[in-house]
Amino acid sequence: MSRGGKVGRSSRTRAINARYTTNICTKRLERAARVRVIESDSTALLSRQSAHSFVREFDYTINPYGGCALACAYCYVPSILHGRAEALGGWGNYVEVRVNAPAVLRRQRHKLIGRSFFCASATDPWQPVERRYEITRRLLAILGEVPFRFGLFSTRSPLVCRDFDLLRILADRIEVGISVPTDREDIRRIFEPRNPPVRARLDAAAALRNAGIPVRLHVSPALPASANFPRIAGDVADWVWLDWPAHFRADWVALYRAHGLEEWLGRAKVEQEAARWRAVLGSERVRTGRPGFIGRGALTDDGGLSLLEQPRA
Ligand code: SF4
């Protein structure tokens, strides 16, 4: 750690950081920066997964923030917050910064020994506020000292590339999932107006992979895409995961309907889309639905997790 509690970075990492953060300094994310930022003294960080959790193959979820400034129209998280998002101004309008999270992880890190985790199930760990607070970066530094079994990080922000140095240290037991539900900017603007552009996310995936970090693409929820998307995705990621919505909010469904996209709410359309992807990438590199999410950390006979080698393109 360097002065001020920041985790040190090499000049090479800073150069990469500058390149990728420039991409996301768009007007959309400047708007996102006006969301209410609440510094929270919450000591919640590691959440044990129940038998009904979507990510129940993982032992824990880790959420460095509460709320999310990226405000994707299809986000399922506000559906499971029991009114908390509305009480804080509505989903997408606030971010709770768990300023104690690094101290909490340091105290509780023993729980992760030999275990698996998913970061994050209810926020984006590299959303814009992370540039200022570096909560996720500080968690990564601590995780580097913990012999956990498998960790999956999920983001749609190219800011993840700022942390190449720390992710590389963990590369033999993690994957980074980059969320890209479509490669069409017109579709992205409907559902993800505050998200980084598609190209910036694909570039981030490629950069991570080139740095030796296992990368999957989260095409979730799958949306209409170009004919070339499977090939483009195959060039930047080890494998891809496609999924369909599991929660439905009235405003979300209305948005799909307003654009004539109702069929994309159902499994049948996404499985049909997955068949197109498999024809390009092969079955080994395309997985679907909840059982496919675990990916590289597949279940073993004794119910534990093992690291499976993913085919490299
Ligand atoms: S980035 Fe993830 S947590 Fe944030 S709004 Fe989008 S889907 Fe929800």
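The values are calculated or read from the model by the stated rules, or taken from the named source; none is laboratory data. A quick note: this is a predicted structure, and the numbers were derived from the prediction, not measured. Here the Cβ positions follow ideal geometry from the backbone for every residue, glycine too, while neighbour counts run over all protein chains shown.
Odds and ends about this structure:
- Whichever residue in region 191-235 is farther than 22 Å from GLY92 by Cα, without any contact (Cβ under 8 Å) to a residue 40 or more places away in the chain and not charged (D, E, K, R) and, among such residues, is surrounded by the fewest Cβ atoms within 10 Å (Cβ to Cβ): ALA227
- Qualifying strands (runs of 3 or more DSSP E) (wholly inside region 88-190; at least 3 residues being surrounded by 23 or more Cβ atoms within 10 Å (Cβ to Cβ) and of a type outside the set (Phe, Trp, Tyr)): 150-155, 174-179
- Filter result for the condition that a residue is assigned to a strand (DSSP E or B), closer than 26 Å to TRP244 by Cβ, within 16 Å of the ligand (Cβ to nearest atom) and modelled with pLDDT of 85 or more, over SER47, SER79: SER47
- The residue pairs whose first member lies in region 59-78 and is of a type in the set (S, T, N, Q), whose second member is within 9 Å of the ligand (Cβ to nearest atom), and whose beta carbons are closer than 8 Å, counting only pairs six or more residues apart or on different chains, are THR61/ALA120; THR61/SER121; THR61/ALA122; ASN63/ALA120; ASN63/SER121; ASN63/ALA122; ASN63/THR123.
- Count of region 17-44 residues, restricted to those that are at pLDDT below 80, over 23 Å from ASP165 (Cα atoms) and of a type in the set (Lys, Arg), is 4.
- Check on GLU134, touching a helix residue (DSSP H, G or I) at 6+ places or on another chain (Cβ under 9 Å) and modelled with pLDDT under 95: no
- Residues in region 120-143 that are within 16 Å of the ligand (Cβ to nearest atom), closer than 14 Å to VAL176 by Cβ and of a type outside the set (D, E, K, R): ALA120, PRO125, TRP126, THR136.
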